[in-house]
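Chemist: Dropping the structure in here first, questions after.
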Ligand SMILES: NC(=O)c1ccc[n+]([C@@H]2O[C@H](COP(=O)([O-])OP(=O)(O)OC[C@H]3O[C@@H](n4cnc5c(N)ncnc54)[C@H](OP(=O)(O)O)[C@@H]3O)[C@@H](O)[C@H]2O)c1
């Protein structure tokens, strides 16, 4: 496979670095969300060491083209998590083929319906990175798409860097990038937590 297709279900806010890194590494990325959010042009940043392993199995460098036809890029499609089938249909229209990777950070109430609706867009056995809040009402840490090896990233509230400060954007981004690297390298399903959960106060 020359290049790969990735579907990112995370809205506009928290994971632009992940999108930039994937596009910079030759992926064709589709981003359904409600609001348009421009993504930086790839190639304006130095390479990210962690992304050396980001190519899907069998990837061959193509001089900036994926699938021999189109340039790697991120394409935004306007969609809402509360209309999951419509979201999946719109994403399918611009993916151009089965997705080789799914990265999802979807609010808890939409997680099952949105990931469930998008499952049919994935290539058989395509890896998934699922980002979720640590703690909260949900107790089970099982991935939604059992047929796909899932790197589960639990996001805590407090930084690992000490001082009781809130978990920072860069810490979240780095943790998701690590998970994407593991997924693209075909590693088995795993569970990682970034940041600490808030201590219980009685
Ligand atoms: N994906 C995430 O970034 C995400 C997911 C869960 C929790 N959180 C946590 O939530 C906190 C607040 O995040 P935030 O200020 O970025 O605001 P937010 O309102 O929680 O939205 C988070 C992201 O989800 C998208 N989103 C929300 N509702 C959506 C819907 N119905 N359909 C499609 N996309 C939807 C938004 O993108 P659009 O507005 O462009 O659609 C936004 O980028 C953060 O502390 C973060 O840790 C973030």
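Chemist: Specify the residue that is farthest from residue 143 (Cα to Cα); the eligible residues are those in the stretch 78-103 that are within 11 Å of the ligand (Cβ to nearest atom) and in contact with a strand residue (DSSP E or B) (Cβ under 7 Å, 6 or more places away or on another chain).
Modeler: Here the residue is 79.
Chemist: Same structure again: Filter the stretch 152-185 down to residues that are within 19 Å of residue 8 (Cβ to Cβ) and away from the ligand (no atom under 16 Å from the Cβ), then give me how many there are.
Modeler: Within the stretch 152-185, residues that are within 19 Å of residue 8 (Cβ to Cβ) and away from the ligand (no atom under 16 Å from the Cβ) number 6.
Chemist: Please determine, by comparing only the residues of the stretch 5-20 that are in contact (Cβ under 8 Å) with a residue 40 or more places away in the chain and part of a loop (DSSP other than H, G, I, E, B), which one is farthest from residue 175 (Cα to Cα).
Modeler: 11
Chemist: If I ask for residues that are modelled with pLDDT under 90 and either within 14 Å of the ligand (Cβ to nearest atom) or closer than 19 Å to residue 95 by Cα (or both), which ones from the stretch 25-40 would you list?
Modeler: Listed by number, the residues that qualify are 36, 37, 38, 39.
Chemist: Taking the stretch 104-135 as the search range and keeping residues that are touching a helix residue (DSSP H, G or I) at 6+ places or on another chain (Cβ under 8 Å) and part of a strand (DSSP E or B), which one is farthest from the ligand (Cβ to nearest atom)?
Modeler: Ranking the candidates gives 128 first.
Chemist: Based on this model, can you work out whether residue 125 counts as exposed (fewer than 14 other Cβ atoms within 10 Å of the Cβ) and within 24 Å of residue 32 (Cα to Cα)? Steps first, please.
Modeler: Details: exposed (fewer than 14 other Cβ atoms within 10 Å of the Cβ): yes; within 24 Å of residue 32 (Cα to Cα): yes.
Considered against the rule, which asks whether it is exposed (fewer than 14 other Cβ atoms within 10 Å of the Cβ) and within 24 Å of residue 32 (Cα to Cα), residue 125 comes out as yes.
Chemist: Moving on to the next point. Testing residue 15 on (1) away from the ligand (no atom under 16 Å from the Cβ); (2) within 23 Å of residue 187 (Cβ to Cβ); (3) touching a strand residue (DSSP E or B) at 6+ places or on another chain (Cβ under 7 Å); (4) modelled with pLDDT of 70 or more, one condition comes back false. Which one is that?
Modeler: (1)
The values are calculated or read from the model by the stated rules, or taken from the named source; none is laboratory data. What you see is a predicted model; the values in this text were computed from it and never measured. Here Cβ is always computed from backbone atoms with ideal geometry, including for glycine, and neighbour counts include all displayed protein chains.
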